[in-house]
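The values are calculated or read from the model by the stated rules, or taken from the named source; none is laboratory data. On a predicted model such as this, the values are computed, not experimentally measured, just so you know. Methodologically, a virtual Cβ is constructed for each residue, glycine included, from the backbone with ideal geometry; neighbour enumeration extends over all protein chains shown. With ligands, DNA and RNA removed, areas are computed over all heavy atoms of the protein, side chains included. Shrake-Rupley method; radii C 1.70, N 1.55, O 1.52, S 1.80 Å.
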Amino acid sequence: MIGAWVWRVSRWLLLLAFAAFFLLPLVALLDFSTTIPRTGERTGAAWQSLLEDPQMTQAIKTSLLLALFTVIGMVVLLVPTMIWVKLRVPRASRLVEFLCLLPLTIPALVVVVGIKNVYAWVTYLIGDSALTLTFIYVVLVLPYAYRSIDAALSSIDAGTLSEAARSLGAGWFTVITRVITPNIWPGVLGGAFISVALVLGEYTVSSLLNYETLPVVIVLLSKSDAPQSMAASLASILFAAALLVVLSFLDRRRRTTVRK
Amino acid sequence: MSVTQSSSHSAPSTVSPGLAVEMTALRRTYGTVNALDGLDLHLDPGEMVVLLGPSGCGKTTALRILAGLERQDAGTISVGGRDLTHVPANKRDMGMVFQAYSLFPHLTVLDNVAFGLKLRGRSRKDRRQRAGDMLDLVGLGEQKARYAHQLSGGQQQRVALARALAIEPAVLLLDEPLSALDAKVRVQLRDEIRRVQSDVGTTTLFVTHDQEEALAIADRVGVMNSGRLDQIAPPAELYSSPATRFVGEFVGLSNRIPAQVDGETAVVLDARLPVLPGSAAGAGLALVRPESVSVEPDEHGHATVVSVAFLGPVSRATLTLDDGTLVMAQLASAAAGGLVVGGRVRLRITPSPVLVVGA
Ligand SMILES: Nc1ncnc2c1ncn2[C@@H]1O[C@H](COP(=O)(O)OP(=O)(O)OP(=O)(O)O)[C@@H](O)[C@H]1O
Ligand SMILES: [Mg+2]
């Protein structure tokens, strides 16, 4: 009896400790971003400026677009490639895995230094826009997206499904888009989420290449207008969390419709 | 095996006349393994041929090459007179049922069956109608809205069969579709596959390593042995007149009893039996089925009873000849009552043709 009681209490204590660990910084951010530093009065000015300060809105727009393009690039590049390799050239799967995990082992700083020359050409050819960061970001998210999609691919019998589809008359494009992809969708969604989170928090590359993405602007502002930078940080964290909830909700709904 | 057409199932909208299949001199090696070693196989229109053989003899390889899922190193394939040797799998028009469960998990049963029709650009109404008919045919008309994981293994294979047949394939291919199922469902479903197949009249190639299954449903059984066809014949003929030692020993049980061949006949024990073509000359071993051996107690017999196993309506007696050869005899259980272990018996062999192989 007492054992069970102790167990329950300690479980709650642990839960509270974790909640405090994760939530306290967020609460602090919220508190700080809604206070006028000198007087201690409450104000929504910092939050309002997220929508009104042109530098900030521009940065938010840039980062969201970057996240979107990165996800699109990742999906278009990775999903067909991985399915193709799995079905047609399984011998190359090791190589692809190695290539995809490579960005993980190279520090962002090295990537930037190495890529600067290439970027001179990129800006020369398609203009100087923060959105050109998409190319680098697609590479940076590869390791994470690869893991997520690979797990999903391994959980289905892709070989048999594709052979069944082919014998029914499906070409390779149909096999990839209408047979395999729908069945690894949770993995693709997971990869997409990680990509979004990564892009919204990426600082090193964009700041070294002098592009004003959200994290860069947050750091800039933290020197001049701390509350506003706090508000932006909190907003981007909340956005990522909300996205996670939406994605897992989508995933769960999929599964329950399947199970109905 | 006789096939009863059940009228409770709606007939499919079209009965295809079936196409002839011709596979000639197919070869396929994997590294040093000769998976197919010059396979020739002909299927008549509407016929159901079962490929039977031990594990690794190349059955799956033959089927997959016919389906276009595997390439051959040499040889040709034609169906209904059309050369398919270099046609890709998705243009071959072959319905396939796999050993592994292969329903698309993200689609309902109905959409699975309609998948091939959709690719062929059939209208939605048309697709649903045809898919529904096919599901009725395999007895799953009520399960249209379910997903694969909500079905039993046997049901999934039925749906896979309906899906393969929905496209009115030129040829139906089945690679051990029943081997993941338990014994009872296996028997039920194999009879059902046979019924459906003769309903729709599609030329069918069925692969299995289960000889009972093969003998039960085939028009003809082809016995494969390391990449080639040893013999292809109707089940009864295969059983009574094996063409090679391999077939005789692989299909059914056979005793190997010393024999002396002399021209067209052989002396086995005291009996003189006609020999099958392909038999060895001179001294050899006759392959004799247990049910061709009859036993009666006899003080002066030349064999001793070792054991008697009761198998229901029949019993199986194990005997030793005086030269030490073990012989199995199958007899009606009523007759087996007279046998005592250790007792002397006389053997008689039914005078049907036997295959005699080199000792
Ligand atoms: N993809 C492959 N790579 C290498 N060897 C293979 C491959 N596929 C088949 N083989 C070899 O070819 C031979 C024939 O294989 P196959 O799968 O056709 O046999 P099977 O008759 O279907 O056997 P089972 O009854 O076990 O299914 C085997 O020795 C097998 O090891
Ligand atoms: Mg096989």
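Of note:
- Helical content alone sets the calculated 222 nm signal of chain B at -7000 deg cm²/dmol, taking -39,500 (n - 2.57) per DSSP H segment of four or more residues and averaging over every residue.
- Summed buried accessible area for A+B [probe radius 1.4 Å, Å², rounded to 100]: 2000
- Between helix B:183-200 and chain B: long-axis angle, C-alpha atoms, 0 to 90°, nearest 10: 60
- What you get for segment B:218-359, charging only the Cβ of Lys and Arg (+1) and of Asp and Glu (-1), is a dipole of about 240 debye around the Cα centre.
- The portion of the accessible surface of segment B:199-252 made up by carbon and sulfur, rounded to a whole percent, is 51 (1.4 Å probe; DNA, RNA and ligands excluded).
- The protection proxy used here, the mean number of other Cβ atoms lying within 10 Å of each residue, ranks peptides A:132-141, B:343-352 as follows, highest first: A:132-141, B:343-352.
- Partner lysines for A:Lys223 [C-alpha distance under 26 Å; skip if fewer than 8 residues away on the same chain]: A:Lys61
- Rounded accessible area per residue of the protein assembly as shown, 1.4 Å, Å²: 49
- For the segment B:113-120, counting C-beta atoms of other chains within 10 Å of every residue's C-beta and taking the mean gives 4.
- Farthest positive-ward along the protein assembly as shown dipole, Cα basis, beta-carbon charges - from A:Leu99, A:Ala67, A:Phe239: A:Phe239
- Integer Hz, Karplus 6.51/-1.76/1.60 couplings in order for segment B:67-78, x for Gly and Pro: 6, x, 7, 9, 9, 8, 7, 7, x, 10, 9, 9
- In terms of its C-alpha gyration tensor, chain B has a prolate overall shape, because the principal axis ratio a/c (a ≥ b ≥ c, square roots of the eigenvalues) is not below 1.5 and a/b outweighs b/c.
- Mean per-residue shielding of peptide B:95-105 is 5, counting Cβ atoms of other chains within 10 Å of each Cβ.
- The slack in the chain from A:Ser154 to A:Glu41, taken as 0.36 nm per residue of separation less the alpha-carbon distance, amounts to 35.1 nm.
- Taking a ≥ b ≥ c as the square roots of the eigenvalues of the Cα gyration tensor, the protein assembly as shown is prolate, since a/c reaches 1.5 or more and a/b is larger than b/c.
- FRET efficiency, B:Glu22 to B:Lys91 (Cβ-Cβ, R0 25 Å, nearest 0.05): 0.90
- Between A:Leu101 and A:Ser222, the distance separating the two model label sites (each 7 Å from Cα on the Cα→Cβ line) works out to 3.2 nm.
- Among A:226-236, B:161-171, B:54-64, B:27-37, sorting by the average number of other beta carbon atoms lying within 10 angstrom of each residue, highest first, gives B:161-171, A:226-236, B:54-64, B:27-37.
- Remark: for residue pairs A:Lys86/B:Lys125; A:Lys86/B:Lys59; B:Lys125/B:Lys184; B:Lys59/B:Lys91; A:Lys86/B:Lys91; B:Lys59/B:Lys125, the C-alpha separation exceeds 32 Å in A:Lys86/B:Lys125; B:Lys125/B:Lys184; B:Lys59/B:Lys125.
- Sequence-separation-based contact order of chain A, relative, with Cα cut under 8 Å and 6+ spacing, percent: 28
- The alpha carbon centroids of segment A:59-107 and segment B:151-168 are separated by 36 Å.
- Filtered trypsin sites (Lys or Arg not before Pro), segment A:38-73: DSSP coil and at most 16 other beta carbons within 10 Å: A:Arg38
- Number of partner chain Cβ atoms within 10 Å, mean per residue of A:155-162: 4
- Apportionment of accessible area to carbon and sulfur, segment B:253-357, percent (1.4 Å): 58
- Simple rule: put +1 on each Lys or Arg Cβ and -1 on each Asp or Glu Cβ in chain B, find the dipole, and look at B:Gly324, B:Ile77, B:Val314; the Cα lying farthest toward the positive end is B:Ile77.
- Ranking B:Val97, A:Leu125, A:Gln228 by how far each Cα lies toward the positive end of the dipole of the protein assembly as shown (charges on Cβ) leaves A:Gln228 at the top.
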